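A short write-up of the structure that comes next.
Just so you know, all these numbers are worked out from the coordinates, no wet-lab data involved. Here the structure is a predicted model, which means the values were calculated and not measured. Glycine also receives a Cβ, built like all others from the backbone with ideal geometry; neighbour counts cover every protein chain displayed.
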Amino acid sequence: MRLSLTHAGLWCLCAAQGVAASVGHRHQHGGSITPETRGHEAHGHEARGHQPHGHQARGHEARSRRDPDVDPRAAAKAAIDSMNSAFFNSTLAVWAPTDPWWLSGVAITSVIDYMRKTDTTDYLDKVTAIFQAQRSQAPGGAGDFRAESTDDTGWWALAMVRMFDITGDRHYLDLAAGDEAYIYQSWSEKPCGGGIYVDIAARTYKNAIANELYIKLAAALHNRIPGDTVYLERAKKAWKWFKSSGMINEGGLINDGLASRKDGTCFNNGLPVWTYNQGVVLGALVELYHATSSTGYLQDARAIADAVLSSSPSKRGNPSLVDHASILTEGDCSGPREASGGCNVDQQIFKGVFMYNLAELDEAIARAGIDSDDGGRPYAKFLRKNIRSAYVHARGKGTSGLAGGADLYGVAWGGLDPGRAQWTATLGTQASALGLLISGI
Ligand SMILES: *[C@@H]1O[C@H](CO)[C@@H](O)[C@H](O)[C@H]1NC(C)=O
């Protein structure tokens with residue numbers, strides 16, 4: 001099925017109206033971050049055992065001396081404002097125009113998510129202007145956010161799904177559906193028995209991110225288009241293929257992509273286990289769960305998320321994606337290297353993508369009522385801990401430009417070792433921190 005964009009010329013920007021209409025359909029999200037009261041960190045090295053309830057007040061006091069009570073809503077708003085003043089180019093209506101275009105697709109998704117979670121419209125005019133301007137700006141693409149690669153198209157299409165969620169404006173969904181049709185043209189049975197190519201013209205590489213974004217998009221469209229069967233079938237087919245494609249390694253983590261043999265069969269190419277590849281798949285499986293009510297999808301997602309939280313170099317050659325204090329690190333370019341510019345401008349945004357997708361999983365698990373740990377939210381503690389750490393150790397407090405400017409964030413959420421070079425904020429590091437912060441709202 002190929003949807004035509006019949007509304008393209010009529011794209012009505014009645015966003016504010018839509019928001020007013022959709023308020024009340026949204027559920028409430030959790031409150032602010034409070035200091036740990038349990039004194040037990042599942043993955044950290046500070047475990048002191050589970051404290052009885054009577055000791056909670058003392059635990060609270062002891063911890064709050066070390067860790068401030070971070071309000072993720074206020075921190076996220078400050079991070080958006082700083083991202084706008086440091087990186088937004090109002091002439092071109094995009095952040096950091098010389099950086100890769102997809103980074104702005106991730107940034108805008110988190111700005112929209114901020115409004116969705118806080119029931120506010122603070123940035124609605126801005127994101128509306130960005131969509132209008134960027135609609136024709138996909139690099140090498142065909143307009144309407146159809147880019148030269150399926151993953152770049154997918155990021156922006158998912159941003160429009162979120163825009164539909166907060167505005168109820170069907171034109172955003174139509175654009176996302178047009179992008180799905182465009183991406184699906186890059187699906188082929190051979191090689192690998194299925195999968196989406198990431199590079200549209202060359203058709204040489206089936207990788208994890210393009211397929212994860214596609215599954216999330218197709219399932220999300222199904223969940224928002226009454227009576228659909230086509231998107232659901234495609235999403236289920238693509239996940240079934242992905243799960244047995246070889247992309248998930250023996251340690252339960254997802255490598256970058258597949259390599260093919262002459263006979264058309266494929267195998268894991270062993271390229272890095274980037275955090276965003278462990279992340280988008282979680283959001284995709286949440287959408288599939290909502291589409292089907294099958295908790296098997298949540299179990300598949302938990303297996304991947306747990307593999308990240310328990311990752312260590314000893315496990316089948318995977319790097320550790322968390323440090324000794326359970327703070328997420330970009331294992332293949334960070335850790336000790338994070339401070340010395342090991343992650344490039346693309347890679348700097350990956351961790352935030354993992355975190356907002358992990359929060360989507362945590363919320364789905366809580367609403368399904370299938371986990372008894374930590375108030376039914378098995379990842380809430382991990383999210384809180386990372387938010388607090390980034391706020392304390394990676395947030396600029398001064399006025400010294402991109403290196404330390406107020407509410408600009410560096411790449412290393414666990415902080416830099418003393419004596420290491422100071423970090424510099426980029427659109428990647430800032431949008432990554434924003435993805436983390438909105439996970440706590
Ligand atoms: C916006 O970006 C363009 C292209 O990179 C650049 O020429 C221009 O100076 C930028 N404008 C501002 C206000 O930064």
| field | Hey, Ile196 in contact with a strand residue (DSSP E or B) (Cβ under 9 Å, 6 or more places away or on another chain) and free of Cβ contacts under 8 Å to residues at least 60 places away in the same chain or not | value | yes
| request: Test Leu408 against the stated conditions and say whether it is touching a Ser or Thr at 6+ places or on another chain (Cβ under 6 Å), within 19 Å of Val111 (Cα to Cα) and not basic (Lys, Arg). | output: yes
| message | With the condition being among the aromatic types (Phe, Trp, Tyr), I'd like the helices (runs of 4 or more DSSP H) fully within the stretch 83-198 carrying at least 2 qualifying residues. | response | 101-118, 150-167, 170-184
| Any idea how many residues of the stretch 122-155 are aromatic (Phe, Trp, Tyr) and touching a strand residue (DSSP E or B) at 6+ places or on another chain (Cβ under 9 Å)? | 0
| query | What helices (runs of 4 or more DSSP H) completely inside the stretch 199-312 contain at least 2 residues that are more than 30 Å from Leu173 (Cα to Cα)? | reply | 296-309
| said: If I filter the stretch 89-116 down to residues being among the small types (Gly, Ala, Ser) and under 16 Å from the mean Cα position of the chain (by Cα), which single residue comes out as farthest from the ligand (Cβ to nearest atom)? | reply: Ser110
| How do the pairs read when you match residues in the stretch 77-92 that are over 17 Å from Phe131 (Cβ atoms) and in contact (Cβ under 8 Å) with a residue 24 or more places away in the chain with residues anywhere that are in a helix (DSSP H, G or I) and within 12 Å of the ligand (Cβ to nearest atom), using Cβ under 9 Å and keeping only pairs 6 or more apart or on different chains? | none
| message | Return the residues of the stretch 208-235 that are surrounded by fewer than 24 Cβ atoms within 10 Å (Cβ to Cβ) and either in contact (Cβ under 8 Å) with a residue 12 or more places away in the chain or hydrophobic (A, V, I, L, M, F, W, C) (or both); say none if nothing qualifies. | response | Asn223, Arg224, Ile225, Val230, Tyr231, Leu232, Arg234
